[in-house]
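K.L.:
First the structure, then my questions, so here it is.
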Amino acid sequence: MSRGLQTVIGLEIHVQLDTRSKIFCGCSTDYIGAVPNSNVCPVCLGLPGSLPSPNEKVIRYAVAMALALGCSISETTIFHRKNYFYPDLPKAYQISQYDRPLAVNGSIEIETGDGPRTIGITRLHLEEDAGKLVHAASDGRLAGADHSMVDYNRAGVPLAEIVSEPDMKTPAEAREYVVRIRQIARYLGISDGDMESGSLRVDANISLTGPDGSLGSKVEIKNMNSLRALEHALEFEIRRQREVLSNGGTVEQETRHWDDASCVALSSRSKEEAHDYRYFPEPDIPELHISRHMIEDIGSSLPELPFNRKKRFQSDFGVTEDDANVLTERREIAEWFEGLVNAGSDPKRASNWIRGDLLRYLRESGVDLRDAPFSVAAIAELLGMVDSGTLSNTAARDVFTAMAETGLSVEKAMAGAGISAGGVSGKDLAALVDRILADNSDVLEEIRSGGDAKGKKLKFLQGLVMRETRGQADPAEAAGILRERAGVR
Amino acid sequence: MKFHEMTARETAEGIKKGVFSASEAVKASLDRMKRMEPALNAVVTSLEENALERAMETDSKRARGDDLGPLGGVPVIVKDNMCTRNIRTTCGSRMLAQWKPPYSATVVELLEASGAILVGKSNMDEFAMGSSTEHSAFGPTSNPWDTDRVPGGSSGGSAAAVAAGYVPLALGSDTGGSIRQPAAFCGVHGLKPTYGLVSRRGLVAFASSLDQIGPLARSVDDLALAMDVIAAPDSRDSTCFRDPRPLYSGAFPDVAGKRVGLVREFGGDGIDAEIDGAVSEAAASLEKRGAEVVEISLPNAGVAGLPCYYILAPAEASSNLARYDGVRYGLKKDAPDLISQFLATRKAGFGPEVKRRILTGTFVLSSGYYDAYYLLAQNVRRVLRMEFEKAFEKADVLLMPAAPSPAFRKGELVDDPIRMYMTDLFTLPVNLAELPGMAMNTGYAKNGLPLGVQLVAPRFGEKVLFGFASALEEASGRPSVAGGGELS
């Protein structure tokens, strides 16, 4: 029974739009770490008599995202009310969109094990976020809590909901799709796309189709707070549905919540209260007209999108696909790479430096590249010195560390680190080589007796020399002296 | 002249010229209110202390020679569904009996900026749902012409307060006739402006696509003066028009050569004979002033208006009133779990008429019924709008009754919701079509009750409306003040 089953996955992604103010009022969207209920007003608290005023920036961000996803933008779009009672929903309805969304019919290309594939985007619509419940039990869970508190700072934060077609066949594809959507959102600068903090949230619909094409019941999975959780939850659910079907059972249509700690997706057991959201057009907001002019204006200012940029890096600069993927992962990285190449750096060296030194630095320091204390020009100069042999890789790394810490120019950073290009040479270098050979006479013996066919031992000695000189020796000169002393050519 | 007989303009001018002080005017208003409230119950919250303080400020402003504003020192009342900062705003409901908003409605801000002094918040049918002001958690309001009768509703408190001379000017809100029907019952004038002309920000919503704030007064000129103050663009209400408004007060356009349409379906059978007579008389007197009387047909408005309204308004209300769950503000009934808390709070907080409409509205929006009710009603609404548009090709204004009968007795219809709803038969279609409509007093029945007629103009036709209304007012005289001396 379970043989020939095909997995069908569709995703709904909520992307928090990174505007300064909320979707329908002027309150700050900066809710993380804010004092509970400090960024609120009558509008986002839904006080009697309050009315929503749509934020134009939100519309522009959503149009940009929709265009990047190849969607058609609706010339007129309307908001609907989605009615349900919950304490985190101040008006007991969410202002969302229903049958006339902002944008429809887009697609993106993702890489899969079987090559690139197109995933359809059904729609993109706008809605407001809800507040957050804080349960007053020690473990933070609802069970056992004797009371709950609500923080409305998040209420009214703008969300774009992106609904995919059920075009994904594996958890890995679903993951890849989310990575691409997140990447585009980041490129456009409309969201930080952080899943852990909830600025990008993914709900999955998953079903198994029989070999005869019969469609199985759809199960919705929520509460996956990382890419890893997404993959695990989908894998879990596929296994579960296969098991149910192979035991002759039927899969119930339901919603399940992923529990990261126990690695299971639990049924929400809310079938009997099937939601009727009683959608109807929001009478407080007139039809929105999105002018052709506005669409063209936003379209013409879109940055080059990651997929196109990746292809261009491969064809124009000859970088490998793997390198191109890393270099285009984030827009600012891609721009840095391109800046270095334009400033004369060798593409391969620039790519290696970014993948090594730069990414490590950004990861360890937590600095945003846009705030980094060094410039593209300075790094290009530094890499140029490595290219010309003036500076070894090791020395360049020390200089870069100094530049990153102090924001100095290459020259000053070198001086500060006590490094001068080619600063140890000639007799000084020869003396140093001799001292190192004396300390490693066993290695020297092995080389002399022909035990270093691959040259690894010589390289090891050369490494010691470079370390000792803190990279101030010309690597070629050091190698020459070493070879001469060891009697190899 | 006594304060309670003055218009808003006369009061403002008297203060400006120093004939009397703002403090005297406000004191007189509060005194009359105090004397008549036991009989009328038109006011939920009296703002004596604030008002006297504001009046003294106005007087010292005048002493300094400062501009007092167009309504400087004029005592006014607003319906208790308009938010007033730090002053309770009850909506006539137990749900909000103690709720003090942290902000004021745009209209309240505009009134205050114009120098008007708020002396009270008026009684109303709970959440503006009703036609008699009997559905209030604060008890019914009485009609100042006959305290056994209702003042109409839902702005019954505002209408009664103006009729009884507490104040020359009050604000009401009108979703299906809630300004015009009580104005007619209480013998004052009341205007429901074009939808979107006056900001709804701070008006506690009943049915968002129909609600509109408007003035009640004892002179057409005062209505125009009030519109000059409250009709303004407001970026905080997305449904409020952004264009600047014309000046409404001043010289009104002449009616000579203009056409007044009598609606064939809104006369004759089913309408009180004296009201029918008042409409004919009004037509005759407009004709005498050079207007042409033409017959107009609105075949659907009378038949389909009521069912259409009683689908759309409850639908929106069911959603607008869902926020009263006891979590953030207002009444809260404790219960062991969340759902029980919602149920207990809403059961205790809402009265029967509000519950009836929430249930109706929830039903018509439910999956499986949406198309048959809500969607159909939306289509009917479009048809009615077009029907009015066609009518206005033949007439500049329409003349019709404001209500099918004069004020009815308390208790008479309170247990018969359908007949109660029928009293808004002639006003509901005007809201559905988003048109301006004015109820005006043109005389009195044999038993002394006020008789009202209604004028309706195309969208943004308020100036035309004022022209016709002032012609009628010239003919019949300004409304009298009710109950002077008789009520104790």
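K.L.:
Looking at B:Ser280, B:Ser318 in this structure, which one is without any contact (Cβ under 8 Å) to a residue 40 or more places away in the chain and outside any strand (DSSP E or B)?
P.N.:
Exactly one residue qualifies, and that residue is B:Ser280.
K.L.:
Another question, then. Give the residues of region A:172-227 that are in a loop (DSSP other than H, G, I, E, B) and buried (at least 23 other Cβ atoms within 10 Å of the Cβ), sorted by residue number.
P.N.:
Of everything in region A:172-227, those that are in a loop (DSSP other than H, G, I, E, B) and buried (at least 23 other Cβ atoms within 10 Å of the Cβ) turn out to be A:Ile190, A:Ser191.
K.L.:
Of everything in region B:339-356, what is within 22 Å of B:Leu428 (Cβ to Cβ) and either of a type in the set (Asp, Glu) or surrounded by 18 or more Cβ atoms within 10 Å (Cβ to Cβ) (or both)? Give them in sequence order.
P.N.:
The answer is B:Gly351, B:Glu353, B:Val354.
K.L.:
Here's something else I'd like to know. Find the helices (runs of 4 or more DSSP H) located wholly in region A:278-339 whose residues include 3 or more that are away from every other protein chain (no Cβ under 14 Å) and either touching a Pro at 6+ places or on another chain (Cβ under 7 Å) or surrounded by 20 or more Cβ atoms within 10 Å (Cβ to Cβ) (or both), and list them.
P.N.:
A:306-317, A:321-328
K.L.:
Somewhere in region B:395-407, is a residue over 17 Å from B:Phe266 (Cα atoms), surrounded by fewer than 19 Cβ atoms within 10 Å (Cβ to Cβ) and among the small types (Gly, Ala, Ser)?
P.N.:
No, region B:395-407 has no match at all.
K.L.:
On to the next question. Of the conditions (1) of a type outside the set (Phe, Trp, Tyr); (2) buried (at least 21 other Cβ atoms within 10 Å of the Cβ); (3) within 14 Å of another protein chain (Cβ to nearest Cβ); (4) on the phi < 0 side of the Ramachandran plot, A:Ala92 clears all except one; give me its number.
P.N.:
Result: A:Ala92 passes all but (4).
K.L.:
Take the residues in region B:319-338 that are within 9 Å of another protein chain (Cβ to nearest Cβ) and over 13 Å from A:Ala92 (Cα atoms); name whichever of them is surrounded by the fewest Cβ atoms within 10 Å (Cβ to Cβ).
P.N.:
The selected residue is B:Leu338.
K.L.:
Which residues, counting only those in region B:211-222, are within 14 Å of chain A (Cβ to nearest Cβ) and either among the acidic types (Asp, Glu) or surrounded by fewer than 24 Cβ atoms within 10 Å (Cβ to Cβ) (or both)?
P.N.:
Passing the criteria: only B:Asp211.
K.L.:
Does region B:357-369 contain any residue that is aromatic (Phe, Trp, Tyr), within 11 Å of chain A (Cβ to nearest Cβ), surrounded by fewer than 18 Cβ atoms within 10 Å (Cβ to Cβ) and touching a helix residue (DSSP H, G or I) at 6+ places or on another chain (Cβ under 7 Å)?
P.N.:
The answer is yes; a qualifying residue exists.
K.L.:
Okay, moving on. Which residue out of B:Ala445, B:Ala391 is crowded, with 20+ Cβ neighbours inside 10 Å and more than 14 Å from every other protein chain (Cβ to nearest Cβ)?
P.N.:
The conditions single out B:Ala391.
K.L.:
When the residues of region A:35-51 are filtered to those that are more than 13 Å from A:Leu89 (Cα to Cα) and within 7 Å of chain B (Cβ to nearest Cβ), which remaining residue is surrounded by the fewest Cβ atoms within 10 Å (Cβ to Cβ)?
P.N.:
A:Pro42
K.L.:
Okay, moving on. For a quick check of your reading of the model, give me the residue pairs whose first member lies in region A:162-186 and is on the phi > 0 side of the Ramachandran plot and without any contact (Cβ under 8 Å) to a residue 40 or more places away in the chain, whose second is buried (at least 21 other Cβ atoms within 10 Å of the Cβ) and among the aliphatic types (A, V, I, L, M), with beta-carbon atoms closer than 9 Å and at least 6 apart or on different chains.
P.N.:
Note: no pairs meet the criteria.
K.L.:
If A:Leu391 meets every condition in (1) part of a helix (DSSP H, G or I); (2) more than 27 Å from the chain's Cα centre (by Cα); (3) modelled with pLDDT under 85 apart from one, which number is that one?
P.N.:
It is condition (1) that A:Leu391 fails.
K.L.:
Which residue out of B:Leu68, B:Leu110, B:Leu40 is under 24 Å from A:Gly46 (Cα atoms) and of a type outside the set (Phe, Trp, Tyr)?
P.N.:
Of the residues listed, the single one that is under 24 Å from A:Gly46 (Cα atoms) and of a type outside the set (Phe, Trp, Tyr) is B:Leu110.
K.L.:
Can I ask one more? Specify which of the listed residues (B:Leu111, B:Leu71, B:Leu96) is modelled with pLDDT of 95 or more and more than 19 Å from B:Ser173 (Cα to Cα).
P.N.:
Just one listed residue meets the conditions, B:Leu71.
K.L.:
Hey, does region B:245-260 have a residue that's away from chain A (no Cβ under 14 Å), closer than 30 Å to B:Ser318 by Cα, in a loop (DSSP other than H, G, I, E, B) and within 20 Å of the chain's Cα centre (by Cα)?
P.N.:
no
The values are calculated or read from the model by the stated rules, or taken from the named source; none is laboratory data. A quick note: this is a predicted structure, and the numbers were derived from the prediction, not measured. Because the Cβ atoms are built from the backbone with ideal geometry, glycine has one as well, and the counts that use them run over all protein chains shown.
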